[in-house]
Amino acid sequence: MARNLGTVAVGLAGGAAKGLGNLGALKALEEREIRPAYIAGTSAGALVGGLYAAGKSVAQLEELLSGLTQGEVTKLIDLTWARGSIVAGRNVEDFIRDLVGDVLIEDLPIPFTATAVDITTGAGYHLNTGPLVDAIRASISVPGVFEPVAANGGYLVDGGVRMNMPLEVLHRYRPDTLIGINIRPRTAATYDWKLTRIDRDPVDDTPFWERLTSRLLKRQSEADGEAIAAAGRFRSRKRDKENTAPGTAYLFSRVFELVMYEASQAEVERAAPDLIVDVDMEEIEVWEFWRGTEAVELGYRQTGEALDRFLARRGPAGWWRTRARRLARRV
């Protein structure tokens, strides 16, 4: 049970499929009777947070988002080559609109903010008025994947480019308790290191026709229902073969999640939240939206453990530390 946390504001970080762990975090909060009075979200955090702020229950969202199959995910992908992107995003937009209609953010039962960045100017935006669908669609527009949202003379992309952990924007509400749910990728420290190159992949001397037959059989296998699961090859090429170069999709996703995580860390330092939960989502790749059940469970379990530790140490000393943070946010 929550112990006099007062008004609670929650920031939900992005992370593509990993960001579905935010739903598990909300579930853990609710089980401890912690109801967010204010929510901000980036990318997948904007999707989960926006739907929750619109009145969708955790149970409804869990059934909807964690139950997506590979086939259903595929149907949401409408390919395009416009504006340097590969997904038009209209199917996703329609999917969200079917859930919330044309509701305005200012009419939501819970005050909500999504983040986005104008890729042409680099300006960051806090989207807290206007159509909820448009705000979420802008916030999930990963550069190079989703077509940017044309708005106000610019092009809006994923807020994770600059503001992946949306905490500072919640200061305007002067909450009593500020909580951040951060999606932590696989990271390591920075080292002084001697570079030792490894050999390139060995030359394949298998006869041409044998290699061609093997590839054709492999494609047929994918056509029998494993085409999407083939995305996992990007991961295995990196993790299972030490001297094999990672694929393009793996490189792109790793660069983006590392950039987002560093942006999150910088904002955490500036915003000084009362609690930051680093949810370890290493075992799920950013494109694996069909593993929502696992993502929700990871977010639920790790957030629950962090909350229990946080609530257990809220003695007199903890009360004064929290009070000092509240006063600092109100200066």
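Identify, from the list Glu305, Glu262, Glu283, the residue that is outside any helix (DSSP H, G or I) and either modelled with pLDDT of 80 or more or open to solvent by 40 Å² or more (accessible area, probe 1.4 Å) (or both).
Exactly one residue qualifies, and that residue is Glu283.
Identify, please: which residue in segment 286-302 is assigned to a helix (DSSP H, G or I) and of a type in the set (A, V, I, L, M, F, W, C) and is, among those, farthest from Gly71 (Cα to Cα)?
That would be Leu298.
For the subset of segment 233-259 comprising residues that are open to solvent by less than 20 Å² (accessible area, probe 1.4 Å) and small (Gly, Ala, Ser), which member is modelled with the lowest pLDDT?
That would be Gly247.
Working only within segment 63-93, note down all residues that are open to solvent by less than 30 Å² (accessible area, probe 1.4 Å), within 27 Å of Leu26 (Cβ to Cβ) and in contact with an Asp or Glu (Cβ under 7 Å, 6 or more places away or on another chain).
Matches in segment 63-93: Val87, Gly89.
Restricting the search to segment 127-167, which residues are part of a helix (DSSP H, G or I) and at pLDDT below 95?
Gly159, Gly160, Val161
In segment 134-144, which residues are buried (at least 17 other Cβ atoms within 10 Å of the Cβ) and within 17 Å of the chain's Cα centre (by Cα)?
Answer for segment 134-144, where residues must be buried (at least 17 other Cβ atoms within 10 Å of the Cβ) and within 17 Å of the chain's Cα centre (by Cα): Ala135, Ile136, Arg137, Ala138, Ser139, Ile140, Ser141, Val142, Pro143.
I'd like the full set of residues that are in contact with a Gly (Cβ under 7 Å, 6 or more places away or on another chain), open to solvent by 10 Å² or more (accessible area, probe 1.4 Å) and under 18 Å from Val259 (Cβ atoms), limited to segment 145-160.
Of everything in segment 145-160, just one residue is in contact with a Gly (Cβ under 7 Å, 6 or more places away or on another chain), open to solvent by 10 Å² or more (accessible area, probe 1.4 Å) and under 18 Å from Val259 (Cβ atoms), namely Phe146.
Could you tell me whether Gly41 is touching a strand residue (DSSP E or B) at 6+ places or on another chain (Cβ under 8 Å), under 22 Å from Ile183 (Cβ atoms), open to solvent by 20 Å² or more (accessible area, probe 1.4 Å) and not charged (D, E, K, R)?
Against the criterion (touching a strand residue (DSSP E or B) at 6+ places or on another chain (Cβ under 8 Å), under 22 Å from Ile183 (Cβ atoms), open to solvent by 20 Å² or more (accessible area, probe 1.4 Å) and not charged (D, E, K, R)), Gly41 does not qualify.
Kindly check whether there is at least one residue in segment 32-45 that is modelled with pLDDT of 90 or more and of a type in the set (Lys, Arg).
Among the residues of segment 32-45, at least one is modelled with pLDDT of 90 or more and of a type in the set (Lys, Arg), which makes the answer yes.
State all residues of segment 111-123 that are open to solvent by 30 Å² or more (accessible area, probe 1.4 Å) and within 20 Å of Leu12 (Cα to Cα); if no residue qualifies, say none.
If the condition is that a residue be open to solvent by 30 Å² or more (accessible area, probe 1.4 Å) and within 20 Å of Leu12 (Cα to Cα), then Pro111 is the only one that fits.
The values are calculated or read from the model by the stated rules, or taken from the named source; none is laboratory data. Just so it is clear, the structure is predicted and the values come from calculations on it, not from any experiment. When we count neighbours, we look across all protein chains shown, and the Cβ atoms used for this are built from the backbone with ideal geometry, even at glycine. The area values use the complete protein model at the heavy-atom level, side chains included, leaving out ligands, DNA and RNA. Shrake-Rupley method; radii C 1.70, N 1.55, O 1.52, S 1.80 Å.
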